[in-house]
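Asks: If you scroll down you'll find the structure; I have some questions about it.
Every number here is computed from the coordinates shown, using simple stated rules; none is lab data. Worth saying up front: this structure is predicted, and the values here are computed from it rather than measured. Note that each Cβ is placed from the backbone with ideal geometry, even for glycine, and that neighbours are counted across all protein chains shown.
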Amino acid sequence: MIRTRFRLSRRTAPYLFIAPPLLILGCFGVLPILFSVFISFTHWEAIRGLESLEFVGLDNYAWVLVDDDWFGRALGGTLWSTLVTGFVVHLTAIPLAAFIDRGFGRWRSLIAAAYFMPFITAGIVIWFVMSALFSAQPGGVVNSLFNALGNWELLGFKPLSLFFPTEPVDWWRQHGEILGVFSGWWYALGWNTLLYMTALQYVPRELYEAARMDGANAWQELRYVTVPQLRPMIFFATSLSVIGGIQGGGPYGVSGYMYKMAYGGDGDFGAVSAMAVILIPIIAALIWVLWAYVGGRPSLPGSARERVPTWPEHQIARLSGAVWRRVRHLLEAPPSDDPAHLRGFSGMRAIACLMVISHHLAQRIDGDWGLFWLVKPLWTLALRADAGVSLFFVLSGALLSVPFWRSFLAGETAPGLGQYILRRAARIAPGYWLALIVAYFVGLQLMPEAEHAFGRFLAGMGFVSGLHYISFFPSEFDPVLWSISLEVICYVLLPLLVLPAWRLLPGREPKLTARYLAFVLLGLQIAHLLILHFFMTSEDGKGWIHGQIGGAKEWLPYWSPASFMTQFMLGSCAAFAIAWYGRDSGKRDRDFDRDFDRVAGWALAGALVVMFFFHRMGSPATLTAQPYVTPIFPALLAIGLFAMHYGHTLHRVLDNRLFNFVATISFGLYLWHWPVMETIRLLWEPDFKFAGLRDFGYWLGLSAIVVGVATLLATLSWYCVERPVLQWAQAWLRSARGKARSLAQAGS
């Protein structure tokens with residue numbers, strides 16, 4: 001019997017072993033992709049066979065990218081839900097996996113299986129459970145629980161109505177984004193927790209022991225040991241989330257839309273193939289970002305040596321560096337020598353002003369039909385950007401409170417009320433009265449049908465228009481003036497709430513002062529609750545369909561002085577924290593400053609998330625029954641302002657020359673941009689109204705005109721009216737102080 005042995009050389013063996021998977025990949029992966037690319041250049045109704053192929057070039061791509069709004073809407077929604085849901089899922093799955101792995105011992109598999117159950121549950125079951133939980137009908141579990149808490153009475157009042165709704169809420173209509181994120185989180189949490197628990201089995205326990213010996217707590221172990229060791233698994237798990245989210249998304253996602261396009265009606269496979277080809281670089285770009293910034297971008301073989309740039313690359317690098325230095329030199333503002341300067345506040349004031357203007361401009365275009373799908377997320381965000389008003393109030397509360405708290409903590413007497421009143425009057429009254437007078441007389445000509453015009457004008461001139469729904473908007477032609485009355489009321493209330501600290505806290509103990517401020521905030525929230533109870537407006541003539549007076553009746557009493565004073569006092573709390581921490585400036589160093597930058601970044605990012613998910617344009621928040629999700633949203637802003645002031649980089653980026661100029665004229669921009677828009681609507685373009693335009697280019701041109709004219713008017717208002725009055729007030733105060741010192745010296 002002859003035996004033969006078949007031997008493979010080392011060169012050919014690897015190729016033979018990988019040949020089967022390569023063959024499968026080529027037949028079922030590469031060839032279909034190439035065929036889809038080919039089909040994307042044709043018009044093909046697959047039901048008629050290959051003979052119906054018709055070459056159309058780039059027509060499919062042009063139609064998908066430019067003309068087809070539904071694809072952009074589906075893709076934007078899918079990407080948004082994928083990124084947000086994936087972020088929430090992995091942000092919770094990692095600490096949950098570490099907690100289960102470390103805290104449950106041999107029971108960890110059973111606990112992990114409980115979290116894994118929704119992943120293996122049919123989607124229809126999850127939909128049924130979510131519908132039962134958040135149904136708007138009286139039988140909805142969440143509505144029943146929240147309404148029971150909100151309607152609980154104590155001595156004739158409903159104290160919990162400040163935090164819980166008293167009527168059933170249509171959760172799917174008002175907070176559909178939140179419920180989508182919640183259902184996606186509930187479904188994917190168990191799967192990702194199992195992945196991270198598996199990876200944790202290969203993390204050396206010696207690392208945790210060394211961290212504990214160095215004094216690390218549980219949070220530091222998670223941050224500096226667990227997360228770095230899990231980076232390869234984080235990259236793998238997040239990549240699966242991105243791919244699965246884009247492939248899924250339900251009937252309203254991009255995959256559902258492609259399925260309907262392919263198999264509904266005649267079935268245009270050419271357009272669907274173009275959509276698939278467009279998705280390939282998008283998914284590849286997302287995976288590359290995850291690989292580079294999440295997975296750590298591991299170096300490839302042969303890439304360890306530093307590559308010397310070629311001559312063109314070197315020249316391009318030098319040119320770009322020179323351009324960047326020039327732009328930075330033009331924008332970077334010189335550091336302020338004033339020790340009372342609050343860093344980053346000018347930039348945030350400019351952002352608040354731009355938020356309000358962008359919100360009012362975004363209202364004038366029908367974004368569902370008049371915008372390219374790539375910019376629709378920005379339009380949606382702009383519709384919620386009226387929360388810039390809240391940022392204005394927080395900034396004002398901080399800026400006006402800093403002198404009080406610095407004097408308080410330094411053991412000095414309280415600043416004089418006369419100076420405070422004169423400065424505030426000189427800053428607000430001239431520009432506001434000018435805008436109101438112009439709006440009144442122009443409104444008489446362009447809007448003669450306005451009701452109670454003279455009475456509203458008088459209430460506005462006296463800064464009391466915000467106390468009644470008839471006068472809430474003091475001018476039909478310039479309704480944005482409504483906030484000035486509430487701001488002046490906050491100016492009056494600020495000394496009444498801050499100055500008692502000098503008498504009630506003679507020891508000037510900071511911790512007791514912080515407790516005092518907490519009681520002030522609690523009292524303001526109780527006051528808002530009482531205002532809602534006693535001053536709720538009737539339903540007669542209520543709603544924006546009845547004009548501005550009807551809209552004000554819908555806003556009130558939710559837009560109460562107590563709610564806006566809460567925002568103002570949260571800014572005052574930020575000022576107190578700045579003054580308190582500033583006393584020990586010697587303990588700050590560069591690393592600590594960068595920690596403050598991170599705190600500010602997270603706080604402002606949290607405020608952005610709250611604004612996007614919980615705030616609704618022109619409506620009180622469901623969570624708090626107050627505008628701008630007070631006190632949650634302004635509290636996050638206050639934290640960000642405090643941390644930004646002591647940060648290292650963020651305030652330098654925001655306090656650039658451009659933003660400083662915008663902040664300087666921001667009051668005028670706020671006062672004059674709406675009259676410019678109304679003038680264009682009444683005299684030029686009648687469709688420049690709420691959701692009136694559908695031509696993006698035309699709307700963009702009108703918006704540029706509004707911004708340009710409003711900037712010109714605001715600049716004139718600053719240099720010709722506001723600044724001269726401020727300079728006069730400052731000169732008068734210096735003269736008064738000089739006379740007082742002279743009298744004191746003469747008396748001594």
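Asks: Let's test the formula: R0 of 45 Å, r as the Cβ-Cβ distance of residue 452 and residue 63. What FRET efficiency results, to the nearest 0.05? Could you put the intermediate results ahead of the total?
Replies: Values: r = 53 Å, r/R0 = 1.17.
So, using R0 = 45 Å, E works out to roughly 0.30.
Asks: Could you state the angle between the C-alpha long axis of helix 141-150 and the longest principal axis of the C-alpha atoms of the chain, as a value from 0 to 90 degrees rounded to the nearest 10?
Replies: That helix lies at roughly 20 degrees to the long axis.
Asks: Moving on to the next point. Applying a 10 Å radius around every beta-carbon, put 625-638, 396-409 in order of their mean neighbour count, most first.
Replies: Taking the mean over residues of other Cβ atoms within 10 Å, the ranking is 625-638, 396-409.
Asks: Additional query: Kindly identify segment 404-561 as rounded, prolate or oblate by the Cα gyration tensor criterion: order the square roots of the eigenvalues as a ≥ b ≥ c, call it rounded if a/c is under 1.5, otherwise compare a/b with b/c, prolate if a/b is larger, else oblate.
Replies: oblate
Asks: Tell me the angle of helix 590-614 to the major Cα principal axis of the chain, expressed in degrees between 0 and 90 and rounded to the nearest ten.
Replies: Approximately 90 degrees, to the nearest 10.
Asks: Looking at segment 481-548, which chymotrypsin sites (Phe, Trp or Tyr not before Pro) are in a loop (DSSP not H, G, I, E or B) and have at most 13 other Cβ atoms within 10 Å?
Replies: The qualifying sites are 535.
Asks: Grab the eigenvalues of the alpha-carbon gyration tensor for segment 484-574, scale each by 5, take roots, and send me the semi-axes largest first in whole angstrom.
Replies: 33, 12, 9
Asks: Same structure, new question: So what is the 222 nm mean residue ellipticity for the chain from helices alone, if each DSSP H run of at least 4 adds -39500 (n - 2.57) and you divide by all residues, rounding to the nearest 500 deg cm²/dmol?
Replies: Computed ellipticity for the chain at 222 nm equals -21500 deg cm²/dmol.
Asks: Which value in nm describes the separation of the simple spin-label points at residue 22 and residue 712, placed 7 Å from the Cα toward the beta carbon?
Replies: 6.9 nm
Asks: Let me ask something else about it. For residue 182 and residue 369 in one chain, what is 0.36 nm times their gap in residues minus the Cα-Cα distance, to one decimal in nm?
Replies: Fully extending the segment from residue 182 to residue 369 adds 64.4 nm.
Asks: Binning every alpha carbon pair distance of segment 73-153 at 10 Å from zero, what are the percents per bin?
Replies: 14, 24, 35, 24, 3
Asks: Now a separate question. Can you tell me the Rg and Dmax of segment 75-256, counting just the alpha carbons, in angstroms?
Replies: 20.2, 61
Asks: Going by average Cβ density within 10 Å per residue, which order do the peptides 209-221, 598-610 take, highest to lowest?
Replies: Output ranking for 209-221, 598-610: 598-610, 209-221.
Asks: Further question: Rounded to the nearest 0.05, what FRET efficiency do residue 142 and residue 291 have when you use their Cβ-Cβ distance and R0 = 45 Å?
Replies: E between residue 142 and residue 291, to the nearest 0.05, is 0.70.
Asks: Taking each pair of different alpha-carbon atoms in the chain once, compute 1/r for the pair, average those values, and report the inverse of that mean as the Kirkwood hydrodynamic radius in Å to one decimal.
Replies: 30.6 Å
Asks: With a cut-off of 8 Å between alpha carbons and a minimum separation of six or more residues, what is the relative contact order of segment 75-256 in percent?
Replies: Computed over segment 75-256, the figure is 33 percent.
Asks: Report, in degrees rounded to the nearest 10, the 0 to 90 angle that the Cα long axis of helix 176-200 makes with the longest principal axis of the chain.
Replies: Computed tilt is about 50 degrees.
Asks: Can you compute the FRET efficiency between residue 594 and residue 87 using 1/(1 + (r/R0)^6), with r the Cβ-Cβ distance and R0 = 25 Å? Round to the nearest 0.05.
Replies: The formula returns an efficiency of 0.65 here.
Asks: For a footprinting-style exposure proxy, rank 345, 236, 41 by other Cβ within 10 Å, fewest first.
Replies: Fewest to most other Cβ atoms nearby, the residues stand as 236, 41, 345.
Asks: Starting from the 7 Å offset along Cα-to-Cβ, what nm value, one decimal, do you get for the label separation of residue 602 and residue 153?
Replies: 4.4 nm
Asks: By how many nm would the segment from residue 695 to residue 653 lengthen if fully extended, with 0.36 nm per residue of separation less the alpha-carbon distance?
Replies: Length gained, residue 695 through residue 653: 11.7 nm.
Asks: Sticking with this structure for a sec: Fewest to most neighbouring Cβ within 10 Å: what's the order for 572, 538?
Replies: Exposure proxy ranking, most exposed first: 538, 572.
Asks: Suppose each label sits 7 Å from its Cα in the direction of the beta carbon; what would the residue 619-residue 219 distance come out to in nanometres?
Replies: About 3.5 nm separates the two model spin labels.
Asks: Rounded to the nearest 20 Debye, what is the dipole magnitude of the chain about its Cα centre when Lys and Arg each give +1 and Asp and Glu each give -1 at the C-beta?
Replies: 2960 debye
Asks: For the residues 288, 433, 699, what sequence is obtained by ranking on other C-beta atoms within 10 Å, fewest first? It would help to have the intermediate numbers written out before the result.
Replies: Values: 288 12, 433 15, 699 23.
The most exposed by this proxy come first: 288, 433, 699.
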